[in-house]
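Contents: one structure, followed by commentary.
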Amino acid sequence: MTRHRYTDDEIAAVYRAIYERRDMRHFLSDPVEPEVLKRLLQAAHHAPSVGFMQPWRFVRISDPDLRLSLHARVEQERINTAQALGEREGEFMKLKVEGIRECAVLLVAALCERREQYVFGRRTLPDMDLASLACAIQNLWLAARAEGLGLGWVSMFEPEPVKTLLNMPEDSQPVAILCLGHVAEFYDKPMLEQAQWADRKDLDTLLFENTWNTPCR
């Protein structure tokens, strides 16, 4: 046993947050205490990133009219997505995206402008910017679950109208609208699984050894 190992209770708490985290769509309007929100944003700020880059920004949406405008953009894309699904359109339209209007804290996560061009990993893999932002969101998500708060990641929107709404620079990129707040309860299973939309793939089908599509022994 390594001396750096956490205690059994601490380990259990970490894994509990991982396995009980949900992509939430239903929220209460009760406010989130400022000190709690600060802890969550500090958790995001301390996420692992490539070359210690933090090529992201969070924009907190406090203007009610702007919140409604964002919701309208998401609703339009939800309709467009439903139409693109064809035979599953009606089934998809039953999946509501109301968290934007209900949640206590609304954040837009974005990649910022003028990101470094030659930092570890990014010279050949500029997508590492997105990986760094994803790590920040995941830290925020897990910390929120530990605090008893829900978080929902909304990705159904056209980037350009959102950039215009937020007066974002040309070289920036909105990636996620994050709904954060209190919830009545956490879903027993991920919502898409509860709605019988899809199931998580078995881990064994995603793991290969040495060469692509060679199953792990």
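The values are calculated or read from the model by the stated rules, or taken from the named source; none is laboratory data. It should be emphasised that the depicted structure is a prediction, and the values quoted were computed from it without experimental measurement. Quick reminder, even Gly has a Cβ in these numbers, built from the backbone with ideal geometry, and neighbours come from all protein chains shown. Side chains are part of the model used for accessible areas, which takes the heavy atoms of the whole protein and leaves out ligands, DNA and RNA. Shrake-Rupley method; radii C 1.70, N 1.55, O 1.52, S 1.80 Å.
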Counting only DSSP loop positions in region 145-217, the chymotrypsin sites (Phe, Trp or Tyr not before Pro) whose Cβ has at most 10 other Cβ atoms within 10 Å are 212
Need one number: nm distance between label points at residue 217 and residue 202, each 7 Å from Cα along Cα→Cβ, rounded to one decimal.
2.1 nm
Considering only protein heavy atoms and a 1.4 Å probe, what is the carbon-and-sulfur percentage of the accessible area of the chain?
52 percent
Ranked highest first by the average count of other Cβ atoms within 10 Å around their residues, in what order do 32-39, 2-9 fall?
32-39, 2-9
Karplus-derived 3J(HN,Hα) from phi for region 180-191 (6.51 cos²θ - 1.76 cosθ + 1.60, θ = phi - 60°), whole Hz, x at Gly and Pro, runs 10, x, 6, 10, 5, 6, 8, 4, 4, 10, x, 4
Calculate one ³J(HN,Hα) per residue across region 67-74 by plugging θ = phi - 60° into the Karplus curve 6.51 cos²θ - 1.76 cosθ + 1.60, and present them in order as whole Hz with x for glycine and proline.
4, 5, 5, 5, 4, 4, 5, 5
Estimated inter-spin distance, residue 33 and residue 9, nm [label 7 Å along Cα→Cβ]
2.0 nm
Taking only DSSP H segments of four or more residues, each worth -39500 (n - 2.57), what value at 222 nm results for the chain once the sum is divided by all its residues, to the nearest 500 deg cm²/dmol?
-11500 deg cm²/dmol
With a Förster distance of 25 angstrom and the Cβ-Cβ distance between residue 127 and residue 160, calculated FRET efficiency to the nearest 0.05 equals 0.80
Can you find, among 74, 210, 56, the residue sitting farthest towards the positive end of the charge dipole of the chain, where Lys and Arg contribute +1 and Asp and Glu -1 at Cβ?
210
Report the Cys residues of the chain lacking a disulfide-compatible partner, meaning no second Cys Cβ under 4.7 Å from their Cβ.
112, 135, 216
Expected field for residue 46, accessible surface area in Å² at 1.4 Å probe radius, rounded to 10, holds 130 Å²
Sparsely packed GluC sites (Glu not before Pro) within region 150-217, loop by DSSP, other Cβ within 10 Å at most 15
170, 185, 209
Between [x] 37, 19, 15; [y] 27, 24, 22; [z] 34, 18, 14, which matches semi-axes √(5λ) of the Cα gyration tensor in Å calculated for the structure shown?
[y]
Please turn the phi angles of region 130-146 into ³J(HN,Hα) values with the Karplus equation 6.51 cos²θ - 1.76 cosθ + 1.60 (θ = phi - 60°), one per residue in order, whole Hz, x for glycine and proline.
5, 4, 5, 5, 4, 4, 5, 5, 5, 4, 4, 5, 5, 5, 4, 5, 5
Computed E for residue 63/residue 113 - FRET, C-beta separation, R0 22 angstrom, nearest 0.05:
0.50
Among residues other than residue 207 whose Cβ falls under 12 Å from its Cβ, what is the net charge (Lys/Arg +1, Asp/Glu -1)?
-1
Per residue, accessible area of the chain with a 1.4 Å probe, heavy atoms of protein chains only, in Å², comes to 64 Å²
